[in-house]
Amino acid sequence: MVKPTRFRRYAATAVAFVALGVLTLAGCSAPAGGDQNAGNGASPAAGSCGAVPQVGANDPDGLLDDLSAEIKDGYNGYPFELQKSAWADWKSEKTDGFTAAIVGQAPAAPFIAVYQETLAKALEDAGVDVILNVAPNDPTDVPGQLQQFGQAISLKPDIIFFNPAAPEPAIDLVDEAHDAGIPVVSVVVPIDSPNAISVTYNAVLQSMTTASGVFESIGGSGSVLEVTGVPGIPNQAFWDAGRDYALAECPEIDVVGSVQGLFQPPLAQQAVVQYLASNPAGVDAVIQAGTMGWAIRDAFAQAGQPVPPIQDVGASQGMAAYAAANPDYPYFGTATPPIAMAKMAAQVGVKVLAGAGPKLNHVVWAPYVVNDDNLAEVVDDSWSESDGTDLAPDGVYFTDEQTAEFFTNPANGPQSAN
């Protein structure tokens, strides 16, 4: 039988633990994401179930040493070694008339569509001529995307913005672009190469922080259902890593089932309904790889079962509104604002062209954590609980001062993303 879930209200805590991002809390100057260990009652002790694991950064050369604590904390668990950027001492021979190519992903998800549209507009607003803006029709068409990347190189733009479906197969093309003197800004999905400037978020930290919160909310023990995305793609792999870090601290958490939602809410709802039909006892909690939280909630309602705590990675307005309307419901979500993220990626690219000199190859932000402590600050009373729109609060991304920290010559290039 499923045990009763402990719906304990989270009290404000004093621990500014892992800043699940390199950002500032909406409306104030606290570290990004607020309190990463926020929970119902006192924060769990380090190393216990519910505490965010301290994995640290893979920074053998100490490239983070001169950065602020908020930014350094956002690299906790980041999966790639940090390296000095190949573009640290480079500057374009041009001073204006820049051109860019964008090689994106198929805009099947609203986040990707908004991000890529905003990126193109932000570049144009900065006076950069986008001479190519392409994406494959199918998110899994890696060969097609690589062919488009090759086309971008052949056009000899001043810079390429690339949202890789599969980073590793693209490394040779990134190297080819580097040899041709063309910087590549990898957006959303990072590339493990000093020749690319990855402007991304820490999806591993996002996963392990919210999973840890969910596990703590059920007292560190119980049955959990996982809803996965698309096998093999980077975001799924990063979520898997974060889940495993969180589970390693919680030996009494039992993942009793796994269903595939493919990051598509209707499919996720159907898969969970089918699971519950075969497992009428239900589960104590659900962890999910992203964007499917509200659909999983609806699956439990459809099956006539109480809604358990659900990890709301890639949160929706509807799920946040549901949590706000049910004050005893433990909520753990993250917001990734595509407009702010895309504008900052464009800013980074233009600064690279201007000789600002990126210090390292991975510019990392961790998504803004939404929980019981700050939920009221985020939710609008007009939101419908059935609204699947991405949760993207204003003012939670990098400040101009934080962006400047990533550059050796921050005075070069645009001083703001807006």
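Given +1 at the Cβ of Lys and Arg, -1 at the Cβ of Asp and Glu and no other charges, the dipole of the chain around its Cα centre is 380 debye to the nearest 20. Taking all protein chains together and rolling a 1.4 Å probe, M341 ends up with roughly 10 Å² accessible. Note on exposure: C250, C49 ranked by accessible area (1.4 Å probe, complete protein assembly) read C49, C250, with the most exposed listed first. DSSP finds beta bridges in the chain, and of those with both partners inside it, around 20 percent are antiparallel.
A cut-off under 15 angstrom between Cβ atoms defines the neighbours of T336, and their net charge, with Lys, Arg +1 and Asp, Glu -1, is -2.
Applied to the stretch 254-270, the Karplus parametrisation 6.51 cos²θ - 1.76 cosθ + 1.60 on θ = phi - 60° returns per-residue 3J(HN,Hα) values of 10, 6, 8, x, 9, 10, 9, x, 6, 6, 10, x, x, 5, 5, 4, 4 Hz, with x for Gly and Pro.
Taking a 1.4 Å probe, which of K351, K91, K72, K156 shows the most accessible area, and what order do the others take after it?
Details: K351 5, K91 125, K72 75, K156 160 Å².
The residues order as K156, K91, K72, K351, largest area first.
The label-point distance for Q415 and D400, in a model that sets each label 7 Å from Cα toward Cβ, rounds to 0.5 nm. Per residue, the accessible area of the chain comes to 38 Å² when a 1.4 Å probe rolls over the protein heavy atoms. Here Cα Rg over 2.2 N^0.38 Å was computed from the coordinates, and among [x] 0.96; [y] 1.01; [z] 1.08 the match is [x].
So for D380, D284, D298, what's the accessible-area order with a 1.4 Å probe, most first?
Accessible-area ranking of D380, D284, D298, largest first: D380, D298, D284.
Only lysine pairs 8 or more places apart, or on different chains, with alpha-carbon atoms under 25 angstrom apart are counted in the chain, and they number 28. With the full set of protein chains in place, find how many percent of the accessible area of the chain is carbon and sulfur; take the probe as 1.4 Å. About 51 percent, which is the carbon plus sulfur part of the accessible surface. Using the Cβ-Cβ distance between D65 and S278 with R0 set to 45 Å, the FRET efficiency from 1/(1 + (r/R0)^6) comes to roughly 0.30.
Here the label points at V134 and Q270, each 7 Å from Cα along the C-beta direction, are separated by 3.3 nm in the simple model. The dipole here belongs to the stretch 116-202: it is taken about the Cα centre, uses +1 on the Cβ of Lys and Arg and -1 on the Cβ of Asp and Glu, and is about 120 debye. Surface calculation, 1.4 Å probe, protein heavy atoms: V307 sits at approximately 20 Å² accessible.
Annotation for D141 and D381: the two label points, set 7 Å from Cα along the Cα-Cβ direction, are 4.8 nm apart.
The values are calculated or read from the model by the stated rules, or taken from the named source; none is laboratory data. For clarity, every value in this text was computed on a predicted model and none was experimentally measured. A quick note on method: Cβ atoms are made from the backbone with ideal geometry, for glycine too, and the neighbour counts reach across all protein chains shown. Side chains are part of the model used for accessible areas, which takes the heavy atoms of the whole protein and leaves out ligands, DNA and RNA. Shrake-Rupley method; radii C 1.70, N 1.55, O 1.52, S 1.80 Å.
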